[in-house]
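The values are calculated or read from the model by the stated rules, or taken from the named source; none is laboratory data. Note that the structure is a prediction, hence the values are computed from the model and not measured. For neighbour counting, all protein chains shown are included, and Cβ atoms are generated from backbone atoms with ideal geometry for every residue, glycine included.
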Amino acid sequence: MPVAWQQGKDHDKISIFARALSVASTTLIHRLIFPKWLWKLPIQSLRDIDNSWKTVITLLDALATSRQAQYSSEKALGKEHARDLFTELISATDGDTKYALEPPEVELPIKNLGEVNKLKYVLACMHEAHRLVPATINLPRDAPEDIIIHSTRPVEEDVLVRQGSRIIIDIMAVCHNPHDFPDPEAYKPARWHDVPDHEVIMFGAGPRSCVGRRFAQTEAVAFLAHFLRDWEVETVVLEGETKEACFERIMAGASMYGTAFGLGEVPVKIKARTLS
């Protein structure tokens, strides 16, 4: 049944936020790549986008600040805080609890999280697939102060990054850099054996890295372990097609889907494993 979406024209806070969020959700790439001075040009469409982003950020900041104060107060009093997603994201920024998962948060047919952590080879396979096709292909960062970055390639030099400058980290290029990943187009899960979490660049790095990293890793490993235990997965190769040609055909469909990078349609054959 078709459903029509009509943007409200009321002037209450909820309607204003809904309209601003609708604009922001479709202009994320513009917000990342356009320099700050561009938004000050006397172009109404740019002004509308900028005002929409300011509205969204102002409200989210206010909500986050209020929820953080509530969470801190309840934590100090020893009270159990609400287990909603927004509170979980706020609490994930709280000191040593960042990235932490508690057993009740992972409802899977596994006795405990320790069993998932033992599946290092499955995790390595997931990381290598994520390296080849990272969902996030760039990380934007704004310099809070003047920073000197020491570069070693292609020439060794010091680069001054001025305060307020926006740096875009090309995750796709980093993950396919032959200096860090020899034979970068090959699938080699062994690259990730015993690699510490902070070196898994696909989830970002530093204090602004993905707060859902631990959950994503746990969920992916648990799913892969259970699924591949019972099923075999094969890529559908066309008649007379080599594996190399099949790979090129699949990669030709790689593109941005919304704000994430993906391969599009990849025909596969799934069959039940035969128990021996």
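The table below lists the values:
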item	result
Pick from region 257-276, criterion under 30 Å from residue 25 (Cβ atoms) and of a type in the set (Gly, Ala, Ser), ranking: surrounded by the most Cβ atoms within 10 Å (Cβ to Cβ)	262
Tally, over region 203-248, of residues that are among the charged types (D, E, K, R) and in contact (Cβ under 8 Å) with a residue 60 or more places away in the chain	4
Enumeration of residues in region 226-256 that are surrounded by 12 or more Cβ atoms within 10 Å (Cβ to Cβ) and either assigned to a loop (DSSP other than H, G, I, E, B) or under 27 Å from the mean Cα position of the chain (by Cα) (or both)	226, 228, 235, 237, 241, 247, 249, 250, 251, 254
Given (1) modelled with pLDDT of 85 or more; (2) outside any helix (DSSP H, G or I); (3) within 18 Å of the chain's Cα centre (by Cα), index of the condition residue 144 fails	(3)
Top-ranked residue in region 5-60 [being basic (Lys, Arg) and at pLDDT below 85; ranked as farthest from the chain's Cα centre (by Cα)]	9
Of residues in region 153-176 being part of a loop (DSSP other than H, G, I, E, B) and of a type in the set (Gly, Ala, Ser), the one surrounded by the most Cβ atoms within 10 Å (Cβ to Cβ)	165
Residue in region 184-201 that is modelled with pLDDT under 90 and in contact with a Cys (Cβ under 8 Å, 6 or more places away or on another chain) present	yes
Those residues of region 177-195 which are in a helix (DSSP H, G or I) and among the basic types (Lys, Arg), in sequence order	191
Region 94-135 - residue that is in a loop (DSSP other than H, G, I, E, B), out of contact with any Phe, Trp or Tyr (no Cβ under 7 Å at 6 or more places or on another chain) and within 30 Å of residue 164 (Cβ to Cβ) and, of those, modelled with the highest pLDDT	94
Filter pass, residue 222 being over 24 Å from residue 119 (Cα atoms), small (Gly, Ala, Ser) and not in a loop (DSSP other than H, G, I, E, B)	no
